[in-house]
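Visitor: Quick one: this structure, given as structure tokens, is what I'll be asking you about.
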Amino acid sequence: MEKAKISASQLFILMVLFELGSALLVPLAIDAKQDAWLAILLGMVFSFILLLVYHRLYTYYPNLLPTEYMQRILGKVLGTVLAFVYILYFMYDASRVLRDFGEMLLTFAYPDTPLFIANALLMLVIIYTIRKGIEVVARSGELLFIFMYVLAVAGFILIVSSGLIEIKNLQPILEEGLFPVLKVVFTQTLYFPFAEVIVFTMILPYLKDQKKAKMTMLCATGLSGINLTITMLINISVLGVDLTARSQFPLLSTVQSIQVADFLERLDVFFMLALVIGGFTKISVLLYAAVIGTANLFKIKSPSRLSYPLGFVILCMASTIASNFQEHLHEGLKVEMFILHMPILAIIPPLLLLVAFLKNRKKQRG
């Protein structure tokens, strides 16, 4: 671990930007049709349970990284293997987010640029930031957070002013009952993006005031969940269910619809900046967790040296994980939920907590 500390407000901002990240970009929970906003809201609520599990593990080992306390809970061999699995997961997740933003840049701004080049430019900036440490990442988040929310408020006002919102597109609510919504919650929105904050267990040991960790995590997830719910409400009310489902990037399609007084239009470039901010933060946090986790696991004294090789691996993975964007979306939102996200985010942590609880109870008795 580096000798650094971040405040509760910096943790809050990083978590909000992280959870908004790529979730703003894709048609999140659209399988629930016009009830997608409800699936996002319920996913946020149920994710609080997993957040409390992550926090409880942190309270047992407040000064240790998960790569360390996994070994204490499960033993040296099994703990090391599991820690390595989580490092690989962080890297893979980072590669998927990088692919999302590379595809967006190519679609809307640089159609003739190779995907690898667009991804490489973003990754170089992220690696440079990571090498400076978690405090620099946190301070960058504070600056970018203000800019992103100014754009978000401006966008909301412009969409309302344009008269684009059609409330009838959100009706009827729960047309097919609650079950289809709950299905989307427990197969998609619970894990992406909310439970992905498990990566912050690698950052919690750097928090100045450990007592504020739980409330900060819950409040950040609550704010990002409300923001994503509002975003999906706007997307569906402007585009309709069918167009939202067919659009690769529904939020940008919504922004492209803005036209105020016959001169304010084509504002998607500005909002691409806001989306890139979310992607930059999410990849930065994931890469940082992979770097310090790898350094801790393999006893490397200078973690910053790992940022270039791990960043390059993520860059290569982003270009090769899928042959096209539709395949990439299908893998990310359907296939991986059961293979990766469900066990890593929702099954293994409660089991770790159970073993940790039993071990600590034995110590107290002894």
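Visitor: Here are several values of Rg and Dmax of the Cα atoms in Å: [x] 19.1, 56; [y] 21.2, 63; [z] 20.4, 76. Which one was derived from the coordinates shown?
Guide: From the options [x] 19.1, 56; [y] 21.2, 63; [z] 20.4, 76, the structure gives [z].
Visitor: Let me ask something else. Would you mind calculating the relative contact order of the chain from Cα pairs under 8 angstrom and at least 6 residues apart, reporting the percent as a whole number? Could you put the intermediate results ahead of the total?
Guide: Details: 480 pairs, mean separation 143.3, N = 366.
About 39 percent, as a whole number.
Visitor: Please determine, in degrees from 0 to 90 and to the nearest 10, the orientation of helix 348-365 with respect to the longest principal axis defined by the Cα atoms of the chain, where the helix direction is its Cα long axis.
Guide: The answer is roughly 30 degrees.
Visitor: Report in % the part of the accessible area of the chain that belongs to carbon and sulfur, leaving out ligands and nucleic acids; probe 1.4 Å.
Guide: On the way: 10620 of 16020 Å².
Taking all protein chains in place, the chain shows 66 percent carbon and sulfur surface.
Visitor: Whole Å is fine, so just give me how far the alpha carbon centre of region 71-111 lies from that of region 196-212.
Guide: Centre-to-centre (Cα) distance: 18 Å.
Visitor: Which net charge results for the neighbourhood of E135, defined as the other residues with beta-carbon distances under 13 angstrom from its beta-carbon, given Lys and Arg at +1 and Asp and Glu at -1?
Guide: Working: positive: K3, K5, R131, K132, R139, K208; negative: E2, E142.
Residues close to E135 contribute a combined charge of +4.
Visitor: Straight-line reach from K168: which lysines have Cα under 29 Å away, leaving out those fewer than 8 places along the same chain?
Guide: Within reach: K33, K183, K334.
Visitor: Taking GluC sites (Glu not before Pro) as exposed when DSSP calls them loop (any state but H, G, I, E, B) and at most 15 other Cβ atoms lie within 10 Å, what is the longest stretch of the chain free of them, the sites themselves excluded? Provide the component values of the computation, followed by the final result.
Guide: Values: sites that count: E2, E166, E175, E176, E265.
Value returned for the longest uninterrupted segment is 3-165.
Visitor: Here is a further query. Please list the non-local residues whose amide H lies under 5 Å from the amide H of I6, H modeled 1.01 Å from N, same-chain partners needing a gap of 5 or more.
Guide: Under 5 Å from the amide H of I6 lie the amide H atoms of L207, K208, each far enough along the sequence or on another chain.
Visitor: While we're here: Straight-line reach only, C-alpha to C-alpha below 24 angstrom: list the lysines that K212 could link to, leaving out same-chain residues fewer than 8 apart.
Guide: K3, K5, K282
Visitor: Which aspartates and glutamates have a Cα lying under 19 Å from the Cα of K208, excluding residues fewer than 8 positions away in the same chain?
Guide: E2, E135, E142
The values are calculated or read from the model by the stated rules, or taken from the named source; none is laboratory data. Predicted model only: the values in this text are computed from it and were never measured. Glycine also receives a Cβ, built like all others from the backbone with ideal geometry; neighbour counts cover every protein chain displayed. The protein model used for the area step is the full one, side chains on, heavy atoms only, and it has no ligands, DNA or RNA in it. Shrake-Rupley method; radii C 1.70, N 1.55, O 1.52, S 1.80 Å.
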